[in-house]
Amino acid sequence: ARVILSELEHTEQHIAQLSAGITHQVRIGLQVYASALWLPQLFAIMQQEYPQVGVQLVADTGLHPIAAVRRHDVDMVLVSGDVIAKDLSVYPLFEDALVAVAAAGHAWQDKDSVTPQEISAQTYIAHHTNPEAGREYERLFRPHDLLPHQVIRAGVTEAVLALVSAGQGVTVLPYWTAQYYAKVYDLCVRPVAAEQTAISWQLVAAKGLSNEPHMQAVIDALRSIVNADSCS
């Protein structure tokens, strides 16, 4: 009965979308490190330039975004870091950098940059405790044989930054994410004084699917958003 009700709900949504002139729906998943504060810009671009293409943000893909694509739970995911997925198509967006994030008024407020040693000396607020390829453990901590002396696992970005904003610890995020959330939370964002702070953003989709015009429309729209951000 639950399966049938779910299929009926999906059919109702599809009929409503067709009535509104939407012929294709693109489901997007986000890695936990990605913010969704750019979503209104994406909706605006799609409605103006591609009104026949709908966009849906799918929850609960943050910790395992690549698996969500392989299960066909989403059509594409927005991720950062190193992506090793030969069975999927990877579309680079832009190069970013890892930055240190603390509450406003933190001792880092008067510094131009923060070292990995200074980060590891603080209570570290993490999304999860599994080291990931191309992220802060591999880029900042391991090259200096460091580990934070205390780690609090918070699960999602909003929880991480709520704790950081309250002065409970510090974290490391891609600058693209941090600059968005710095507008929402009262945050101190500083560059990290290390050699390996570069990090990439990319869209990942099933092979072949991303060649569809409605998928390419979303990729082009996201690229225009991040290009505008990088120029501002």
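The values are calculated or read from the model by the stated rules, or taken from the named source; none is laboratory data. Treat the numbers as computed from the prediction; the structure is a model and nothing was measured. Glycine also receives a Cβ, built like all others from the backbone with ideal geometry; neighbour counts cover every protein chain displayed. Ligands, DNA and RNA are excluded from the accessible area calculation, which covers all protein heavy atoms including side chains. Shrake-Rupley method; radii C 1.70, N 1.55, O 1.52, S 1.80 Å.
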- How about the stretch 128-164: which of its residues are in contact with a Phe, Trp or Tyr (Cβ under 9 Å, 6 or more places away or on another chain) and more than 17 Å from ASP82 (Cα to Cα)? LEU147, PRO148, HIS149, GLN150, VAL151, ILE152, THR157, GLU158, LEU161, ALA162, VAL164
- Message: Just to check your reading of the model, which residue among ALA162, ALA178 is under 20 Å from GLU95 (Cα atoms) and out of contact with any Leu (no Cβ under 6 Å at 6 or more places or on another chain)?
- Response: ALA178
- Note on the structure: Of the residues in the stretch 114-137, those that are of a type in the set (A, V, I, L, M, F, W, C), open to solvent by 30 Å² or more (accessible area, probe 1.4 Å) and at pLDDT 90 or above come to ALA121
- Is it the case that some residue within the stretch 138-156 is assigned to a helix (DSSP H, G or I), at pLDDT below 90 and surrounded by 21 or more Cβ atoms within 10 Å (Cβ to Cβ)? yes
- Note on the structure: Selection from the stretch 54-69 of residues open to solvent by 10 Å² or more (accessible area, probe 1.4 Å) and in contact (Cβ under 8 Å) with a residue 60 or more places away in the chain yields VAL55, GLY62, LEU63, PRO65, ILE66
- Message: So, in the stretch 70-102, how many residues would count as being open to solvent by less than 60 Å² (accessible area, probe 1.4 Å), among the charged types (D, E, K, R) and not in a loop (DSSP other than H, G, I, E, B)?
- Response: 1
- For the stretch 80-121, the count of residues that are under 22 Å from ALA162 (Cα atoms), polar (S, T, N, Q) and in contact (Cβ under 8 Å) with a residue 40 or more places away in the chain equals 2
- Inspect the stretch 192-205 for any residue being surrounded by 14 or more Cβ atoms within 10 Å (Cβ to Cβ), small (Gly, Ala, Ser) and in a strand (DSSP E or B) and give the result as yes or no. yes
- Task: Of all residues in the stretch 22-44, count the ones that are part of a helix (DSSP H, G or I) and open to solvent by less than 10 Å² (accessible area, probe 1.4 Å).
- Result: 1
- Query: Among the residues of the stretch 212-219, is there at least one that is within 30 Å of ALA107 (Cα to Cα), part of a loop (DSSP other than H, G, I, E, B) and not polar (S, T, N, Q)?
  - Reply: no
- Kindly indicate whether any position in the stretch 163-177 is in contact with a strand residue (DSSP E or B) (Cβ under 8 Å, 6 or more places away or on another chain), aromatic (Phe, Trp, Tyr) and either without any contact (Cβ under 8 Å) to a residue 24 or more places away in the chain or open to solvent by 30 Å² or more (accessible area, probe 1.4 Å) (or both). yes
